[in-house]
Amino acid sequence: TDLNAFVSGLPKAELHLHIEGSLEPEMMFALAERNKVEIPFKSVEEVRAAYEFSNLQDFLDIYYAGANVLRTEWDFCDLATAYFDRAAADNVRHAEIFFDPQTHTDRGIPIDVVIDGLLAGMASAQAKHGLTSKLILCFLRHLDEEAAFATLKAAEPWLDRIAGVGLDSSELGHPPSKFERVFARAGEMGLLRVAHAGEEGPADYVHEALDLLHIDRLDHGNRSLDDAALTAKLSRSGMTLTVCPLSNLKLCVVNDIDAHPIERMLRAGLRATINSDDPAYFGGYVNDNYRALIPAGRLDAKDFARLARNSFLGSFLSDAEVAAHL
Ligand code: ES4
Ligand code: ZN
């Protein structure tokens, strides 16, 4: 359709992308071979068939297992390069990508290998596509506060190349309050702050992310809609929500893509954006996520243009850089 082509052609920023979640089964096999790592699958088809999730934890178990093939700086550079090539094809002009250092350092991969590899991929994407990017270091919330502090310490030599910190992994049972002190420290170090909240967890976790973690951006935030006062507060403060429709569908946060709350979010005045989260696992890159919202028929071209514009407004680019994209 015309709307399809319009949406695909919009220049956009991607603000919610786990780089480990862009590991396609083909690359998983190639890296397993290159690094002589065993994987519990016989074929690409068998891997894809395993991507049937009933909740966040189901997915995370497979996602952490997949990351085991990532071993060298070369691997991290190849991973990032494949993502940026794919994103550029979707007219992504800027990407702020999450990485999970603990997933790698806990397997004996030095953080330098991870960061150097990703930075090499980022530099190459800028040269090749003019696609700019920033790194966001995520703490795994199922691990403890002490481990998060150790990760922040290990990242110290890299702080001038890291835009901010985030919080991801298993949400239920791991409220933002668990990381209040480490987020305070990150803020003192000049890092921006984001957190996953209200994906599976309750609206109360969103309150905690705002009031205790002092977040600059909210990842997911779907459950905020359960709380009218919270919704009004997010709207009034111009908080950006990084919404991930296909992720929400695959992890059963929503039962039907046509019932996705994106329209409610926009009508409530929330600065919502559309993102791919873990595209290799959830069946689509950023344009697939935008286009998945078309059949419901509740968003028009102006709404889609707003979503794309919001992605630049909600980015960590400077005002002048944002203005150059609008
Ligand atoms: C994630 Cl979808 C999602 N939620 C929480 N943590 C994550 N890590 C990677 N993808
Ligand atoms: Zn995420």
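Each value in this text was obtained by applying a stated rule to the coordinates, not by laboratory testing. On a predicted model such as this, the values are computed, not experimentally measured, just so you know. Here the Cβ positions follow ideal geometry from the backbone for every residue, glycine too, while neighbour counts run over all protein chains shown.
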Q | Neighbour-count ranking [beta-carbon atoms within 10 angstrom, fewest first] of 188, 321 | A | 188, 321
Q: Set the Förster distance to 25 Å, then compute FRET efficiency between residue 268 and residue 142 from the Cβ-Cβ distance, nearest 0.05.
A: 0.20
Q: Arrange 61, 2 by Cβ neighbour counts within 10 Å, fewest through most, would you?
A: 2, 61
Q: With only Lys, Arg, Asp and Glu charged, each at its Cβ (+1 for the first two, -1 for the last two), find how big the charge dipole of the chain is about the Cα centre; round to the nearest 20 debye.
A: 920
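In which sequence would 158, 74 go, from the one with the fewest C-beta neighbours within 10 Å to the one with the most? Working shown, then result.
On the way: 158 17, 74 14.
So the ranking, lowest neighbour count to highest, is 74, 158.
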Q: Would you work out if segment 1-139 is rounded, prolate or oblate? Take a ≥ b ≥ c from the square roots of the eigenvalues of the alpha-carbon gyration tensor; rounded if a/c is under 1.5, else prolate when a/b is larger than b/c, oblate otherwise.
A: oblate
Q) Measuring from label point to label point, each 7 Å out along Cα→Cβ, what is the residue 228 to residue 34 span in nm? A) 5.5
(Q) Under 20 Å from a point placed 7 Å out from the Cα of residue 52 along the Cα-to-Cβ direction: which residues of segment 272-291 have their backbone N that close? (A) 280-284
Q) Given 242, 304, 177, which one lies farthest toward the positive end of the charge dipole of segment 2-325, if we put +1 on the Cβ of every Lys and Arg and -1 on the Cβ of every Asp and Glu? A) 304
Q. How long, wide and thick is segment 87-203, going by the Cα atoms along their three principal axes, in whole angstroms, largest first?
A. 42, 31, 29
Q: Given a cut-off of 24 Å, name the pairs among 12/128; 12/153; 36/134 whose C-alpha atoms lie farther apart than that in the structure shown.
A: 12/153; 36/134
Q. Of 179, 41, 76, which is the most mobile in a GNM of the chain whose springs link Cα atoms less than 10 angstrom apart?
A. 41
(Q) Can you return the aspartates and glutamates within cross-link range of residue 250? Criterion is Cα-Cα under 12 Å, with same-chain partners fewer than 8 residues away left out. (A) 52, 58, 277, 278
**Q.** Mean Cβ neighbour count within 10 Å, used as a protection proxy, ranking 272-281, 287-296 highest first
**A.** 272-281, 287-296
Q) Along its principal axes, what span do the Cα atoms of the chain show, with the longest given first and each in whole Å? A) 51, 46, 41
(Q) Is there a quick way to get the dipole size of segment 184-326? I mean about its Cα centre, with the Cβ of Lys and Arg at +1 and of Asp and Glu at -1; what is the value in debye to the nearest 20? (A) 420
